[in-house]
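Read the figures in this text as sums done on the coordinates, not as results from a lab. All figures in this text were calculated on a predicted structure; none of them were measured in a lab. When we count neighbours, we look across all protein chains shown, and the Cβ atoms used for this are built from the backbone with ideal geometry, even at glycine.
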């Protein structure tokens, strides 16, 4: 049965897309849900998969063609068997004619490429190789990370086999669909070992072969040569850590000056990964800013320069929420499959209710237009090793406390492992950030454009408060609402923050929506 393969349904903000890469050609067999083509939009790259087991019959939209939402891309024959590939396809292996005849006869060499970046991402950086030449991989093994200015993309093994040759080292800049390495499908580690050893031996005496880009840069900064550093990497390759160890050993004072030995050792231990040595043994480290950090900095500066930022503050008595958590935390965990009841879910629900009452805080600015959103998508700032990320909780008006807590925990775990995707962080109508987890007592958060408001939570601290004419110790938290004064008036901002305060100090209001 013939089936039409169509482009995905694009959201209203996306007019069209471009056919990026076809992974199957006419006549090739496909398994159900197998990745067959990428559609690139101005925001993300969308994957289109096979609708069933069968054969790709005819491609109607070639790579580079512009397509609309739900436009037909190809014709697919379900249940059919693979036929002979088209004649033009037989020419493709000619590029690999330089490979040894023995290898091509039994093992297939596949190129591992960078993912297709969306138009908003110009290039990426090779962050970390998890497999080295000669190492065996199973299908879908995580082998390398590509860092862009938005997210870190994982590249996995295309099949069972062995990494043959790495063409792009850590720190190298790569473009969309650029070849990263060669992969030997079906090979074992022992089969790849001889060729790897041979390539290592031919590299002896050649600095490019013995040391990668990061190590060569460290050698240059430290004023060392390859012969002065002992390599501990695979095949005797010099790593950046080897250079740093050589710098530390070089900085150690001679035995004739024992008086200065202790300060030097102390300086070395204080900066174990330093790459440069000052005149008096004071060590400095120079590290390139990551793409994610550079993008965060750019957006924050842009927000400060383009928005009329203003911040209003208030404080909330966290006693009622803390008592509620203490009373029901055990029952909550049992009722919701181990999900713990935290503070953030209360703040998300309170913010959602306040956003309904004050639509301007939930709106965004697009040029000279003010866009009012009829839904609440709240971003929750998550701190990761790679920088601050803001995944988005969709339709929080329809979420319960347990849904919110489990989603936030999922974001935190995936953020820690570098597995948050671009879809997780697209959009959002409002943001909440919690500096209190790190001990912040008070801060001024910066909005996330094109949003017009952000709520800052802070540390809960016991303070003396006047209650009914008496001084009582209460667990208090300062709240900060930063907002764009072009969109939100001061009156609305203050009332919005007071609404959140009232809802948190009397949680029953959240249930009654009053």
Practice prompt. Report, please, the projected area of the stretch 4-73 averaged over directions, based on the convex hull of its C-alpha atoms, in nm².
Written response: 4.1 nm²
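For the stretch 355-471, rounded, prolate or oblate, judged on the Cα gyration tensor with a ≥ b ≥ c (square roots of eigenvalues), a/c < 1.5 rounded, else prolate if a/b > b/c?
Oblate.
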Discussion item. Considering just Cα atoms, how many Å³ per residue does the convex hull of the stretch 284-412 enclose?
Written reply: 185 Å³
Worksheet item: For the stretch 293-512, what class follows from the C-alpha gyration tensor (a ≥ b ≥ c being the square roots of its eigenvalues): rounded when a/c is under 1.5, otherwise prolate if a/b is larger than b/c, else oblate?
Response: oblate
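On a full-extension model of 0.36 nm per residue, what is the gain between residue 334 and residue 66, subtracting their alpha-carbon distance, rounded to one decimal in nm?
91.3 nm
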Fill in: Sequence of 478, 372, 130 once ranked by neighbouring C-beta atoms within 10 Å, starting from the fewest
372, 130, 478
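Set the Förster radius R0 to 35 Å, insert the Cβ-Cβ distance between residue 23 and residue 375 as r into 1/(1 + (r/R0)^6), and round the FRET efficiency to 0.05. Kindly include the intermediate steps, with their values, before the conclusion.
Numbers: r = 35 Å, r/R0 = 1.00.
For R0 = 35 Å, the calculated efficiency reads 0.50.
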Item to complete: Quick one: work out Rg over Rh on the C-alpha atoms of the stretch 284-337, Rh as Kirkwood radius.
Response: 1.31
Practice prompt. Extending each Cα 7 Å along its Cβ direction at residue 509 and residue 1, get the distance between those two points in nm, one decimal.
Written response: 5.6 nm
Worksheet item: In percent, what relative contact order does the stretch 361-514 have, based on Cα pairs under 8 Å that are 6 or more apart in sequence?
Response: 20 percent
Discussion item. If packing is taken as the average count of other Cβ atoms within 10 Å, what order do 168-174, 315-321 fall into, highest mean first?
Written reply: 315-321, 168-174
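I need the peptides 286-292, 422-428 ranked by packing, meaning the mean over residues of other C-beta atoms within 10 angstrom, with the highest value on top.
Result, highest mean first: 422-428, 286-292.
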Item to complete: Rank these for me by crowding, 378, 3, going from fewest to most other beta carbons within 10 Å.
Response: 3, 378
Worksheet entry | Potential extension, residue 305-residue 9 segment - 0.36 nm per residue separation minus Cα distance | 103.0 nm
Worksheet item: Which order do 9, 41 fall in if you start with the one that has the fewest other Cβ atoms within 10 Å?
Response: 9, 41
